[in-house]
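Q: One structure, pasted below without further comment.
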Amino acid sequence: MANPVISAQGLRKVFRSSRGKEVVAVDELTMEVEEGTLTAFLGPNGAGKSTSLRMLITLMPPTAGKAQVCGHSITDNPGLVRSSIGYVGQKNGVSPYQRVRDELHSQGLLYGLGREESRRRTDELTDALQLGEIAHRKAETLSGGQKRRVDIALGLMPRPKLLLLDEPSTGLDPQSRANLWEHILTMRNRYGTSLLLTTHYLDEADQFAERVMVVDRGRVIADDTASQLKDTFAGDRISLTVTNEMADKTSATMRRAAAVSGSTEPEPRRTELASGCTRLSVAVNHGEYLLARMIHDLHAEEVNVIAANIDQPTLDHVFLNLTGRSLREESHLSLNTTPAAEPASEGISR
Amino acid sequence: MINTTISPTTRISRPSGVLVDIWCVFLRELRPMLRDPFQLLTSLVQPLIFMAIFGPLLAGVTGESLGETYQWFVPGVLVMSTLFSTTMTGSNLLYEIIMGSHERMMVAPVSRAALLLGRTLKEMVPLLSQAIVLCSIAAAFGFRPHLPGLLTGFAILSVLGMGLGALSYALGIASRHQDWLFWAVQQTLIFPLTLLSGLLLPLEGGPRWIETVSQANPLTYVVDALRELVNGSFGADTLQGAVAAVVVLALGLVVGIRAMRRSV
Ligand SMILES: Nc1ncnc2c1ncn2[C@@H]1O[C@H](COP(=O)(O)OP(=O)(O)OP(=O)(O)O)[C@@H](O)[C@H]1O
Ligand SMILES: [Mg+2]
């Protein structure tokens, strides 16, 4: 990689409890993040996402391993690392004692912006994250989501080369999430800001991240683009509904097409529906092309397809296939409620 | 409507000078107080009660006038209110550590020393404004301090207050994993410190051990210095008081900065 903003080799963090028990929070984290990209850390609670971030931003020294952030070593030059990055932590960054506007302005000054520039940036972020109405309130009186918006504004204040965000969108309403993403993406597109963030919202990682790193029990268990991960670890699923008499013929055609696409389990699953129809569903690759092909073939065989559906996999399926556990069980935070996320797409009869 | 202006001048932040950092931290700490100056009034209540009750009582015992009594008693009240308010200040930091805003400050490109020094410096502001108000009220009842002496006294008091504040911050940081510890230690320490310094009652003629203990208490020297100063002399007591305050400050800064470096 030409110019990685983060390059970590074998980072490890072990916590020791007071009773001497060891918790390996991060194990052998090796990664490179290319300049100007958006990388998402995904994983269940306790996977080690925050700890990884906290080592990279020099808040805690690694037990072993080393890393360069924006070209500076996190252990030898923590000061230079800190002056090149912005950070939004998982906890509230805004002090309960401070008024929102004051805190933003102080943050600008702390990052070496001049008074004027700090004011200007405060105004911009107040607009972008819609903080106008709460700008003069003390942070302890704000709602959770309002506080979160202020936290994010604080992290964006310095307009850094690299921005690390620990669950930035948790607790935000959909409108605020949209605003947050709009602002983050604008920063990246206009200034080439590199981003590393953790999230429990799989749809965000899916939609915005160039790269998804799935972390579990301190280890990176998958690292690729979202679509590549989905292709590798979970396929599309095509479901067709036909009359019962046509089910066998349809099943054979579907099996053939699925096998051609390279599906590992081309045998369609059948569900009889109450209305004298059967629903057949099969795992395939590149479902959108294959669906057209199947319908075309079935039409030639004079099979009348009553309903057709593609379930596209989500990162949740990826995680499920990787670990045998659902990300969803660990977190009810995900807003990703596309029907595809429910395995119960097997018909109306239930 | 989503508004995404981002001003064009990208300024990559640089590690700013320590003095600038200290100033920024100082201003940040000061702002809540400037926004809400009435909170300073509440911390005046306790010392005023002491002045209103102990002043006449002591005057009754000694047979002196209230003004003469205040010449001796007000310095004690000033040291006491300094002790009470500055030793509590670490609880604010503790709360910020627990809530998370301190973590954000620790990630900013600001030296750890500045994080402590800026906060410590702020302690002077409530302390001096309280002292001025208390002296003015006492003056209405006959307190007649020697002005240059009083100003010197304020300087010594500020040094002491900053030292105690720094120690309180260190205590706040040390209590971050068990927050009850802060109040347990603070409450356990301030009463013996107050009572064994001759702030409120003269210690002369008391048992020997009390005198010995009070000699190890820096507050004893500061209050003696203030008593000398308000009466217009600058002697050995003043010097000892100044030294005691500087020692507390030096200790506070060393302990405080070390604690701040490990405050995550
Ligand atoms: N300061 C600490 N002391 C001891 N153990 C810790 C500490 N911080 C984290 N851990 C442990 O390290 C592991 C990883 O924690 P971490 O906060 O990195 O998880 P996470 O992936 O961010 O989880 P979440 O999604 O809940 O935020 C957990 O088992 C946690 O209990
Ligand atoms: Mg976390």
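Q: Under 21 Å between alpha carbons, and skipping anything fewer than 8 positions from A:Lys161 in its own chain: which lysines qualify?
A: Within the straight-line limit of under 21 Å, A:Lys161 reaches these lysines: A:Lys49, A:Lys66.
Q: Would you tell me the mean number of C-beta atoms belonging to other protein chains that fall within 10 Å of each C-beta in A:80-93, as a whole number?
A: Shielding by partners across A:80-93 averages 5.
Q: Helix A:174-191 sits at what angle to the longest principal axis of chain A, using alpha carbons and giving 0 to 90 degrees rounded to 10?
A: In chain A, helix A:174-191 runs at an angle near 70 degrees to the longest axis.
Q: Tell me, what is the FRET efficiency for A:Asp223 and B:Ala155 to the nearest 0.05, using R0 = 51 angstrom and their Cβ-Cβ distance as r?
A: So, using R0 = 51 Å, E works out to roughly 0.25.
Q: Here's something else I'd like to know. Averaging over every viewing direction, what projected area does the convex hull of the Cα atoms of region B:202-264 cover, in nm²?
A: Directional mean of the projected Cα hull area for region B:202-264 stands at 5.8 nm².
Q: Between B:Leu27 and A:Gln9, what FRET efficiency comes out of the Förster formula 1/(1 + (r/R0)^6) with R0 = 35 Å and r the beta carbon distance, rounded to 0.05?
A: In this case the efficiency is close to 0.30.
Q: Same structure again: Taking N as the number of residues in region A:223-263, what is its alpha-carbon radius of gyration divided by 2.2 N^0.38 Å?
A: 1.55
Q: Relative contact order for chain B: what is it in percent, counting Cα pairs under 8 Å that are at least 6 residues apart?
A: 26
Q: I would also like to ask the following. If you find the alpha carbon centre of region A:88-122 and of region A:250-318, how far apart are they in angstrom?
A: 55
Q: How big is region A:12-149 along each principal axis, measuring the range of its Cα positions in Å and listing the largest first?
A: Rounded to whole Å, the extents work out to 46, 34, 26 Å.
Q: Decide, for region B:148-197, between rounded, prolate and oblate: order the square roots of the alpha carbon gyration tensor eigenvalues as a ≥ b ≥ c, take rounded if a/c falls under 1.5, and otherwise choose prolate if a/b is larger than b/c, else oblate.
A: oblate
Q: In whole angstrom, how long is each semi-axis of the equivalent ellipsoid of the protein assembly as shown, when you take the square root of 5 times every eigenvalue of its Cα gyration tensor and sort them from largest down?
A: Ellipsoid half-lengths, sorted descending, are 67, 22, 22 Å.
Q: Taking only the alpha-carbon positions of chain B and ignoring solvent, what does the Debye formula give for the base-10 log of I(q)/I(0) at q = 0.09, 0.10, 0.13 Å⁻¹?
A: -0.45, -0.55, -0.86
Q: Next up: Do any GluC sites (Glu not before Pro) in region B:200-257 lie in a loop, going by DSSP, with at most 10 other beta-carbon atoms within 10 Å of their beta carbon, and if so which?
A: B:Glu204
Q: Can you list the equivalent-ellipsoid semi-axes of chain A, largest first and in whole Å, using the square root of 5 times each Cα gyration tensor eigenvalue?
A: In descending order, the three semi-axes are 46, 23, 18 Å.
Q: Please compute the modelled spin-label separation between B:Asp179 and B:Ser65, points set 7 Å along Cα→Cβ, answer in nm with one decimal.
A: 5.1
Q: If you filter region A:1-39 for trypsin sites (Lys or Arg not before Pro), then keep DSSP loop positions with at most 15 other Cβ within 10 Å, what is left?
A: Answer by residue number: A:Arg19, A:Lys21.
Q: Then there's this: Counting partner chain Cβ atoms within 10 Å of every residue's Cβ in B:92-105, what's the average?
A: Across B:92-105, the average partner-chain Cβ count within 10 Å equals 6.
Q: Looking at chain B, do any whole DSSP H helices span at least 15 angstrom along their long axis by alpha carbon and average 0.5 or above on Kyte-Doolittle, and which?
A: Helices meeting the span and hydropathy rule in chain B are B:18-35, B:38-62, B:66-88, B:124-140, B:147-174, B:180-195, B:218-230, B:236-261.
Q: Set the Förster radius R0 to 45 Å, insert the Cβ-Cβ distance between A:Thr243 and A:Gln207 as r into 1/(1 + (r/R0)^6), and round the FRET efficiency to 0.05.
A: After rounding, the FRET efficiency stands at 0.70.
Q: Within a 10 angstrom radius of each residue's Cβ in A:106-117, how many Cβ atoms of other chains show up on average? Whole number is fine.
A: Rounded to a whole number, the mean comes out at 6.
Q: Shape call for region A:156-217 from the C-alpha gyration tensor, a ≥ b ≥ c root eigenvalues: rounded (a/c under 1.5), prolate (a/b greater than b/c) or oblate?
A: Oblate.
Every read-out reported here was derived from the displayed coordinates using simple, explicitly stated rules and does not represent laboratory data. Predicted model only: the values in this text are computed from it and were never measured. A quick note on method: Cβ atoms are made from the backbone with ideal geometry, for glycine too, and the neighbour counts reach across all protein chains shown.
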